[in-house]
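The block underneath contains the structure these notes are about, expressed in structure tokens.
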Amino acid sequence: MWGNDHKKHMTKLQKIILGVVTVITVVLLFAVASLTGGKSSTVGGVYNQIQKNFFDGINISTKPCTVTQATNRSTGVTCNGIVGTITTDTTSLAAAAEAEFTVTDSSVVAGDVVLVSLRSGATANTSVPVVTTVANGSFKIELTNLHASTADTGASIINFLVIKMVSS
């Protein structure tokens with residue numbers, strides 16, 4: 001039926017399955033929320049079990065990694081996982097300055113998309129993290145202090161999420 005292009009068709013099938021699982025998860029969450037009067041502990045428990053069953057089935061770990069940067073804001077870190085939290089060093093990041101560091105992560109490949117967001121910790125909330133490079137086994141984050149006159153001396157907490165590459 002699929003001929004020699006079975007990998008291409010499986011990729012499309014996997015995309016369809018992922019979409020269906022996502023829709024089913026959302027529907028189940030709404031159903032549980034309405035049945036439990038919106039009690040978040042019950043809804044969260046159902047969501048966590050659905051998420052665990054789904055990701056266990058496709059062998060992707062959802063356990064977040066956490067790491068704290070040592071020495072300075074350019075010091076690389078190792079955090080192996082598709083989700084994680086990086087706490088930067090408190091070395092001063094001057095106004096309008098940038099610091100780039102490498103995150104070594106064995107779950108990352110060059111075609112993945114890595115999303116980052118600043119959770120907290122930056123002085124005056126003017127520092128912004130951006131992913132500049134994604135390679136096999138690592139990605140780079142550049143932290144830029146956008147403030148014109150105030151240095152960032154806080155320990156920034158950066159969340160990241162790896163969206164896995166899908167072969168076509």
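The values are calculated or read from the model by the stated rules, or taken from the named source; none is laboratory data. What you see is a predicted model; the values in this text were computed from it and never measured. When we count neighbours, we look across all protein chains shown, and the Cβ atoms used for this are built from the backbone with ideal geometry, even at glycine.
Can you tell me which residues in the stretch 79-88 are closer than 12 Å to PHE139 by Cβ and in a strand (DSSP E or B)?
Matches in the stretch 79-88: GLY84, ILE86.
So which of LEU93, LEU118 is more than 14 Å from PHE160 (Cα to Cα) and surrounded by 15 or more Cβ atoms within 10 Å (Cβ to Cβ)?
Matching residue, one of LEU93, LEU118: LEU93.
Against the condition hydrophobic (A, V, I, L, M, F, W, C), in a loop (DSSP other than H, G, I, E, B) and assigned by TED's automatic domain parsing to the domain that holds THR150, how does ALA110 come out, does it pass?
Yes, satisfied.
State all residues of the stretch 127-148 that are under 11 Å from LEU93 (Cα atoms) and of a type outside the set (A, V, I, L, M); if no residue qualifies, say none.
SER127, THR144, ASN145, HIS147
Hey, can you tell me all the residues within the stretch 121-142 that are polar (S, T, N, Q) and surrounded by 15 or more Cβ atoms within 10 Å (Cβ to Cβ)?
THR123, THR126, SER127, SER138
Output the number of residues of the stretch 125-168 satisfying the condition of being more than 22 Å from ASN80 (Cα to Cα), outside any loop (DSSP other than H, G, I, E, B) and either touching a Ser or Thr at 6+ places or on another chain (Cβ under 6 Å) or without any contact (Cβ under 8 Å) to a residue 24 or more places away in the chain (or both).
Matching residues across the stretch 125-168 total 5.
Here are the criteria: (1) at pLDDT below 95; (2) farther than 30 Å from ILE24 by Cβ. Tell me which single one LYS164 does not satisfy.
(2)
Sort out which residues of the stretch 89-107 are of a type outside the set (D, E, K, R) and in a strand (DSSP E or B), and write them in order of number.
Passing the criteria: LEU93, ALA99, PHE101, THR102, VAL103, THR104.
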